[in-house]
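Please read the structure below before turning to the comments.
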Amino acid sequence: MRNITKKFGEKVVANKNVNLDVKYGEILALLGENGSGKTTLMNMLSGIYHPDEGEIFVNGEHATINSPNDAFGYKIGMIHQHFKLVDIFTAAENIVLGINDGEKYDIKDAAAKVSVISEKYGFDIKPAKKIYNMSVSEKQTVEIIKVLYRGADILILDEPTAVLTPQETEKLFAVLRRMRDDGKSVIIITHKLNEVLEVSDRVAILRKGEHIATVNTSDATEASLTEMMVGKKVTLNIDRSEPVNVTPRLVVRNISETNQDGVRILKDVSFTANAGEILGIAGIAGSGQRELLESIAGLGRLNSGEIIYHRPKKDLPVSFFHKTYAQVVRMAKEGKFHYEDGTPVNFDGMSRVRIRKLVNDGKILFNEDEIMNLRDHTPLEIRELGVRLSFVPEDRLGMGLVGSMDLTDNMMLRSYRHGKWVFVDRDNPKQLAEKIVSDLDVVTPGVGTPVRRLSGGNVQKVLVGREISAAPKVLMAAYPVRGLDINSSYTIYNLLNRQKEIGTAVIFVGEDLDVLLGLCDRIMVISSGEITGIVDARTATKEEIGLMMTGRKRVVENEQTTE
Amino acid sequence: MTMGFLNWLLLFIPRAIMQGTPLLFGATGEIITEKTGNLNLGIPGIMYVGAISGMTGAFFYENSVVAVNPVLGILIPLVSCLAGSLFASLIYCFLTVTLRANQNVTGLALTTFGVGLGNFLGGSLIKISGSAVPYFSVSDVSRLFRAKLPFASSLGQIGNLFFSYGFLVYLAVIIAVVASVVLKRTRVGLQLRAVGENPATADAAGINVTKYKYFATCIGGMIAGLGGLYFTVDYSGGIWSNDGFGDRGWLALAIVIFSVWRPALSIFGSYLFGGLLVLYNRINVPMQMIPVVQMLPYIVTVIVLVSISAMKKKENLPPASLGLSYFREDR
C-alpha cells in the first residue's frame, strides 16, 4: 500500500499517506489505539472503502479494489470485528454466500469442502449448524473458513481476540501459525501488546491515521511499542490505592434468575461488595454480568435470593427524615442508638419534646449500619429508600443516555422529578452538564449538543460523570472503557479509583484482564451465570482467571471480610 | 346433508380460487420484494397501476382493430400491465434504495398515487368510450383471458374444480412455486435472502445489494401487477369500474405475514383468504353481520402474527433488515 489517504467528510482524516508492506508466510500485526485508522486502512484493502489517494499493489502489480469481490479476486479476505454472518443461515450457507464460480449451486458439496478445510487447519465446525446457535468463537471460525474457502492468500483479522477467552485465543493463534507455515499472509489488527509479541513476526504501528513504523517483533518490547503507539510514554500500571475502612456495603445472597426461555442466567450467586474497594467482575461476554448488575439496580426478576444493602449509618445522627417518631422510640428501646460520647441511649422518662430536640440536634447516633433488602424493588423505590446506587450500563446510548437528547436533558434523566409544579428544573442540570464538561474534559461544541454526536469516549465521560455526581454509595460500571482509547480509559480508571477512595463500593465489569488485575482489589469470576470464584487481584494471574472464566477451575469462597 | 355440503363446496372452492388469485400474485410479488428487505407498502397501488395499464392496452388495441388477434389480444394487455407495474416499482426503488427515503412513507404514498392514477386513467377511458354507465369494458380481450382448458367441460366436476379457469390462475400458482424453489434452492435465492437479512454481510460477501433490491422489487412489483390484470380482464369479465379492485392489495400484504414469507404457503393462504372474502355470499348471514365475516382474513392474520412471535422460531420471523435502508459508508 503506497501513500494511502482516506477522509470521511472534510475534517476527519482516517488515514494519511500510509505505506505498508505484507509478505507471504508471515503474520503482521497492525497496532494502534482506538481510532488510529487500523480498520479503515484494512477496509480499503478488502474493498469496503476506496482510498481517496494512493495505490495498492498485489504481487508487484497495481491493483484496483473497488468492491469486496475485487478483493477476493486478489485473494484478499477480511474477518471483520463485527461478524458479517446471516443469523438464520447455516455455516455452509454463510461460507458460500456471494460466490459465483459458475458451478452448480449445491450446498452438500460446499459442506464437504468446508470439512476438508477444517481438517487441514484444525477447526472444529459443523457445516449444517445455524449461526444463531453458535458461540462467538464458532462464529469466528465460520468467518475464517469463509475467506479460506474463497482461496484467500492474504487474511486480515480485525481484533480477533476481543471476544475470546485466553484458551480460545491460544487455539486461534495456533491456527494462524499453521496458515503462516502454509505460506499465507496474515494481518491481525489489535491493540493488545502481549498478543502482538506472542504471535506476530512483524508489527506495523499506526497513530492518528499515520504510519509510524514497521519493526520486527523480535526487536520490539512492550514499552517500545507502547511509546510508538501512543506517542508519549504511558505508564501501564494503574495507580491503585490500598483500600481503607473496608466495610460490607452490598451483600448478595444466593440470587438466581431464569430468563423467558426458561434458561437459568444467574445460578445461586453470592458475594459481598465492600465500601472502599473495587470489586472486578471477569467473565466471557454474556455470562450473566449484565443480568447481575441489572438485578441489583432493580431491573431484574429474581427467582430467589436476597440483595442486602448496608446503608451507611454507623456513628451518623438519627433523623426524622426517613423514620417516624414511633420508629425512633422503638429502635432506642432495642438499644440501637448511642450518644456522641458512646453511652447507650435510653429515652425512658423523657418528654416527647426533649426526645425530638435531641434527635433534631443530631445528638443521637446509630450503633450500626441500617440493613435493607433491595430485592423486588423498582429502581425508583430503591432511590426513595435512600439507597444511593449509580449504574453505568454497558449499553450507553440504549440504557444510559438518550442519543438524540442534549447533555443537559440527559442530566435531567436523573432529576426530572425536581422542579416547580409541572415545570422541570433545567438550570441545575445545565450547570451540572457544564461542570462535567469542564471537569472531565468532554470534547463537545456545547451542552446543547445531542449526545449521539459525541465520540464514544466523550459519551462515556458524560455518563460516568452524571452517575458519579449523584454521590453514590454503590457504583456499578459495566465495560466502562469499551471502545475508548488509552487516554480516555485512564480518565475512567482514575474516576473509579477516586470513588473507591471516598468510600464508595465500586463494582467494575471488565473485559481486559490486565486492567482488571491492575485496577481492582478483588476479582469475581462469573462463568455461565455461576460464580467460579473470588480472587485477590494483587496475587491472581491471568491464566488462573482465564480458566475460571471457562468454568474449568473454581476457587473456593475465601471472603476476606465477614458479615 | 353431506351431498348438500359437497355441492356447496364444489361451488364455493372455484369462487375462492378466483378470488384468491389476485391475492396470490400480490403476495408472491411482495414476498420476493420483502426478502430483500424492502417493505413495499405500495403493492396495493402497484396492483392498481398494473390493472389500469393492462386495461388501457387492451382498450386501445380492441378499439383499433375489427377482429381481435388471439396472440396480440393476450400479449398487448400483458406487456402493458408489466410495463406499468415496472414503472411504479422503479419509482419505489429509486426513492427507497437510491435516495434511501423511508420505506413506509414511500410505500403508502405510492399506494395513494397508484389508486389515484388508476381512477384517473379509468375515468378518462370511460369518457373516451362514451359509455353512459361508469365503466368501460374490453369483452373480446377478456374472452381470451378467460378461455378454459379445452378438456375442462368433458371432465365434469373434476374439470370444473381444477381446469375451468383462465391461464393466469395457473400462472399465479406456477410463479409461486418457482419463487419458492428459487428462494430456497438456488444461489440467487440464497443471495437474495442474505440481502434482506443482513445487507452489510451480503455487501461484504461481494453481493451487489442495490442491484438485488432493484431486481427483486421490480420483479415482485410486476408479479403483483399481474394480480390487478387478472382481476380486471378475467375475474371482472373485462369491465373496469373505478375503485373496483377494492382493498385486495392490503389483503395480499396480510397474506405475506400469514404465509410467514413462504411463497408455497401463500398459495394456500391466498385461496383461504379469497374464500373468506366471499364467504358471506355463500352462507346465510344477516345483512348487518356481513362486515364481521369480511373481517375474518384480518383476524386470522393477527392470530398468525401473534403465534409466530410466540413460537420464537427465527426462521419464521420477517427478514431481519425489513424496512431499513442500507448505507454502506455508514460508520
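The values are calculated or read from the model by the stated rules, or taken from the named source; none is laboratory data. Everything numeric here is computed off the predicted structure, so don't read it as measured data. Ideal geometry is used to build each Cβ from the backbone, glycine not excepted, and the neighbour counts take in all protein chains shown. Ligands, DNA and RNA are stripped out before the accessible areas are found, and what is left, the full protein with its side chains, is counted by its heavy atoms. Shrake-Rupley method; radii C 1.70, N 1.55, O 1.52, S 1.80 Å.
Some values worked out for this structure:
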{"read-out": "Antiparallel DSSP beta bridges within the protein assembly as shown, as percent of all bridges there, nearest 5", "value": "55 percent"}
{"read-out": "Sequence-distant residues sharing a close amide H with A:Thr532 (under 5 Å, placed H)", "value": "A:Val525, A:Ile526, A:Ser527"}
{"read-out": "Relative contact order, percent, chain A [alpha-carbon distance under 8 Å, six or more residues apart]", "value": "15 percent"}
{"read-out": "Per residue solvent-accessible surface (Å²) - chain B, probe of 1.4 Å", "value": "44 Å²"}
{"read-out": "Rel. contact order, % - alpha carbon contacts under 8 angstrom, at least six apart, the range B:32-86", "value": "45 percent"}
{"read-out": "For chain A, with +1 on Lys and Arg beta carbons and -1 on Asp and Glu, the positive-most of A:Val114, A:Ile144, A:Gly529 along the dipole", "value": "A:Gly529"}
{"read-out": "Interface residues, the range A:85-106 - accessible area loss of 30 Å² or more versus chain alone, probe 1.4 Å", "value": "A:Val86, A:Ile88, A:Phe89, A:Leu97, A:Gly98, A:Asn100, A:Tyr105"}
{"read-out": "Hypothetical label at A:Arg356: residues of the range A:306-341 whose amide nitrogen lies under 16 Å (7 Å Cα-Cβ projection)", "value": "A:319-329"}
{"read-out": "Evaluated at q = 0.09, 0.11, 0.14 Å⁻¹: base-10 log I(q)/I(0), Debye formula over Cα of the range B:24-330", "value": "-0.47, -0.70, -1.09"}
{"read-out": "Per-residue HN-Hα couplings for the range A:516-521 [Karplus 6.51, -1.76, 1.60; θ = phi - 60°; Hz; x = Gly/Pro]", "value": "4, 5, x, 9, 7, 9"}
{"read-out": "Charge dipole magnitude, Cβ of K and R +1, D and E -1 - the range A:4-230, Cα centre, debye nearest 20", "value": "400 debye"}
{"read-out": "Within chain A, longest stretch clear of exposed trypsin sites (Lys or Arg not before Pro) (DSSP loop, no more than 13 other Cβ within 10 Å)", "value": "A:105-231"}
{"read-out": "Sequence-separation-based contact order of the range A:313-368, relative, with Cα cut under 8 Å and 6+ spacing, percent", "value": "57 percent"}
{"read-out": "Calculated Rg and Dmax of chain A using C-alpha coordinates, Å", "value": "27.8, 101"}
{"read-out": "Chain A, dipole about Cα centre (Lys/Arg Cβ +1, Asp/Glu Cβ -1), debye to the nearest 20", "value": "1500 debye"}
{"read-out": "Summed buried accessible surface, chains B and A, 1.4 Å probe, nearest 100 Å²", "value": "2400 Å²"}
{"read-out": "Set of aspartates and glutamates with alpha-carbon distance to A:Lys23 below 15 Å, sequence-local pairs under 8 removed", "value": "A:Glu61, A:Asp153, A:Asp181, A:Asp182, A:Asp201"}
{"read-out": "Rough spin-label spacing in nm, given labels placed 7 Å along Cα→Cβ, for A:Lys108 and A:Asp70", "value": "4.0 nm"}
{"read-out": "Cα long-axis angle, helix B:167-185 against chain B (0 to 90 degrees, to the nearest 10)", "value": "20 degrees"}
{"read-out": "Among B:Leu190, B:Ala179, B:Gly159 - extreme Cα towards positive end, dipole of the range B:24-330, charges at beta-carbon", "value": "B:Leu190"}
{"read-out": "Top positive-direction residue, dipole computed over the range A:313-368 with Cβ charges, set A:Val328, A:Asn367, A:Val345", "value": "A:Val328"}
{"read-out": "Ranked packing of B:166-176, A:58-68, most packed first, by mean Cβ within 10 Å", "value": "B:166-176, A:58-68"}
{"read-out": "Amide proton proximity set for A:Lys314, modelled H, under 5 Å, gap of 5+", "value": "A:Asp369, A:Glu370"}
{"read-out": "Rounded to 10°, Cα long-axis angle of helix B:2-34 versus longest principal axis of chain B", "value": "40 degrees"}
{"read-out": "0 to 90° range, to nearest 10: angle between helix B:187-197 axis and chain B longest Cα axis", "value": "70 degrees"}
